[in-house]
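Visitor: I am attaching a structure below and will ask some questions about it afterwards.
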Amino acid sequence: MGKYVIAGNWKMNKTPAEATELIEAIKPLVADAACDVVVGVPFVDIPAALEAVKGSKIGVAAQNCHWEKSGAYTGEISAEMLKAMGVGYVILGHSERRQYFGETDVTVQKRVRAALDAGLTVILCVGEYLEQREQGVTGEVVAMQTKIALGGVSEEELGRIIIAYEPVWAIGTGRTATAEQANEVCALIRGVAKDLYSEAAAAALTIQYGGSMNAGNAAELLAKPDVDGGLIGGASLKPADFATIVAAAK
Ligand code: PGA
């Protein structure tokens, strides 16, 4: 895994046919990418996405997975199932899962465990609400989310974890964190990793910023020393914009 990773989070968008079309449009634009490129697609788009990325370096991510291998969990998808399909990555703990679907730090930790056991690379999302930022507890919130999610993760396994710092107030709002704010929290997360593991593991960790990152602001955010990539929602659905962000990640 390279240090810089730009990942698209398509959320609940695109049919399988549309996924093929979007990846075909992105593919030539990111052929010379100096970073790793990933598209996070809805479960039903995975077969089409895996087919479409063939012959490119683009990786495919799912947007969630369950913590059990199989069983009576109607509507859920296991990490094992994703791995069996050929999926390489899974986004876990996204704030929309935490906000709308009852995801907690504890269930995120269980999902991280299952994903690592299945051999997937995890894009672990953490981030504070606006009220928490205004209360001055961003550091505490993000450190706690990170520590709980990494509970039981070994230093070797940390090599298959990407952490995405996504302030909830910046997601889908057009209100991006400043590059300084993004870097400050990414640096804090790196400090948590250093305390939990080692200086070397913390330095090797890929820490993304996410939250209204777009073609216009990506270069400034990605120039910051502790911002090693981006998790991109809205702009990842626009091939030219996504490619501009990829090109900014060197
Ligand atoms: P956004 O979403 O880029 O549309 O703000 C980011 C995310 O939710 O990962």
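Computed from the coordinates by the stated procedures, all read-outs in this text should not be read as laboratory data. The structure displayed is predicted, hence computed values, not measured ones.
Visitor: Length gain on complete extension for the stretch GLU157 to MET85, per 0.36 nm per residue less the alpha carbon to alpha carbon distance?
Guide: Residue separation times 0.36 nm, minus the Cα-Cα distance, leaves 23.8 nm.
Visitor: Oh, and also: Tell me the relative contact order for the range 1-154 as a rounded percent, counting alpha carbon contacts under 8 Å between residues six or more apart. Intermediate results must be reported in sequence, preceding the final value.
Guide: Numbers: 242 pairs, mean separation 27.2, N = 154.
After rounding, I find 18 percent.
Visitor: Moving to a separate point now. In straight Cα distance, which aspartates and glutamates are under 17 Å from LYS27, not counting same-chain residues fewer than 8 positions off?
Guide: Correct list for LYS27: GLU18, ASP36, ASP45, GLU51, ASP241.
Visitor: I would also like to ask the following. By a straight-distance test (C-alpha under 25 Å), which lysines pair with LYS110 as possible cross-link partners, with residues fewer than eight away in the same chain excluded?
Guide: Filter leaves LYS11, LYS69, LYS83, LYS147, LYS194.
Visitor: Step through the residues of the range 72-85 one at a time and calculate ³J(HN,Hα) from phi using the Karplus curve (6.51 cos²θ - 1.76 cosθ + 1.60, θ = phi - 60°), rounding each to whole Hz and writing x for Gly and Pro.
Guide: Per residue, the Karplus-derived 3J(HN,Hα) values read 7, 9, 3, x, 9, 10, 8, 4, 4, 4, 5, 4, 4, 6 Hz.
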